[in-house]
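The structure under discussion appears below in the form of structure tokens.
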Amino acid sequence: MTTHPQVDFLYFDLGKVLIDFSYHIGARRLSEQTGLPPEQFLQTLFSGDNQIAYETGLIDTAEFARRINSQLQTEIPEPQLVAAASEIFWPNWQMVPLVAALARAGWPLGILSNTCSAHWEYVTRNYRFLSHLFGPVILSYEVKAMKPAEPIYAAAARLAGVSPERIFFVDDRSENVAGAQACGFRAVLYESAPQTANDLRRLGITFDY
């Protein structure tokens, strides 16, 4: 019979797992402010090279705003642009009771996310459960690597202080799950909070939920 090593640490993705979001909220808001089509903000602000550079920490917020204004030929003040780009999040209320139950049971919890400084500052300022329930935080813009690249998972394992095969990880993107599995993590695809709870229980993780 095959036996599995004990899981000692639990990592969770941020967007679409712990926190939900819609880029369309920010795109519509900026469209109303500038008269440009929302699609232009979806392409320049929320996808493509600008987003990758920002979330990898290759550029800071000021440079990100400068690039957006340059490409769109706009003069949106940086605070206004950051607000529109960040006020797009709300908690995944299904997951809050689950991670709270895991924390009560004493399981060490961490966050492993592709994100930028503006988004991280917004969600931690507005949703305190992220700082109250989670310890180690691995953010792409801080470690200069994005999932599914190996360096971000290696950084997560180092910070957790356990070997990769003893780490549980849940993410909503299959390529990020595959990247984590290739690094030895016990990674699963997020579908819902009940499904995640079942995945945890199958690995022998006990908690009251």
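The values are calculated or read from the model by the stated rules, or taken from the named source; none is laboratory data. These numbers were taken from a predicted model, which means no experiment stands behind them. Ideal geometry is used to build each Cβ from the backbone, glycine not excepted, and the neighbour counts take in all protein chains shown.
Mind counting the residues in the stretch 101-128 that are among the polar types (S, T, N, Q) and either outside any loop (DSSP other than H, G, I, E, B) or within 26 Å of GLY204 (Cβ to Cβ) (or both)? Reasoning before the result, please.
To start, the set of residues in the stretch 101-128 that are among the polar types (S, T, N, Q) comprises 113-115, 117, 124, 126.
Add one more test, that the residue is either outside any loop (DSSP other than H, G, I, E, B) or within 26 Å of GLY204 (Cβ to Cβ) (or both), and what stays is 113, 117, 124, 126.
Qualifying residue count, the stretch 101-128: 4.
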Original post:
Restricting the first residue to the stretch 42-65 and requiring it to be assigned by TED's automatic domain parsing to the domain that holds PRO151, which pairs with a second residue that is surrounded by fewer than 16 Cβ atoms within 10 Å (Cβ to Cβ) meet a Cβ separation below 7 Å and a spacing of at least six or different chains?
Top reply: none
Original post:
Out of all the residues in the stretch 161-179, which are more than 15 Å from ASP13 (Cα to Cα) and touching a Phe, Trp or Tyr at 6+ places or on another chain (Cβ under 6 Å)?
Top reply: VAL162, PRO164
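Out of everything in the stretch 49-69 that is in a helix (DSSP H, G or I) and among the β-branched types (Val, Ile, Thr), what residue ends up being farthest from GLY35 (Cα to Cα)? Talk me through it step by step, then tell me what you get.
Pass one, the stretch 49-69, residues in a helix (DSSP H, G or I): 49-55, 61-69.
So of that shortlist, the ones also among the β-branched types (Val, Ile, Thr) come out as 52, 61, 68.
Working: ILE52: 26, THR61: 23, ILE68: 15 Å.
Of everything passing the filter in the stretch 49-69, ILE52 is farthest from GLY35 (Cα to Cα).
Name the residues in the stretch 89-110 that are among the polar types (S, T, N, Q), crowded, with 19+ Cβ neighbours inside 10 Å and in contact with a Ser or Thr (Cβ under 9 Å, 6 or more places away or on another chain), would you? Step through it out loud before you land on a result.
In the first step, residues of the stretch 89-110 are kept if they are among the polar types (S, T, N, Q); the result is 92, 94.
Okay, now just the ones that are also crowded, with 19+ Cβ neighbours inside 10 Å, so 92.
Those that are among the polar types (S, T, N, Q), crowded, with 19+ Cβ neighbours inside 10 Å and in contact with a Ser or Thr (Cβ under 9 Å, 6 or more places away or on another chain): none in the stretch 89-110.
Within the stretch 70-96, count every residue that is over 18 Å from the mean Cα position of the chain (by Cα), in a helix (DSSP H, G or I) and farther than 12 Å from TYR122 by Cα.
Of the residues in that region, 7 qualify.
Can you pull out the residues in the stretch 159-190 that are within 22 Å of THR115 (Cβ to Cβ) and among the basic types (Lys, Arg)?
ARG173
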Original post:
If you check VAL170, VAL177, VAL188, which single one turns out to be in contact (Cβ under 8 Å) with a residue 24 or more places away in the chain and crowded, with 18+ Cβ neighbours inside 10 Å?
Top reply: VAL170
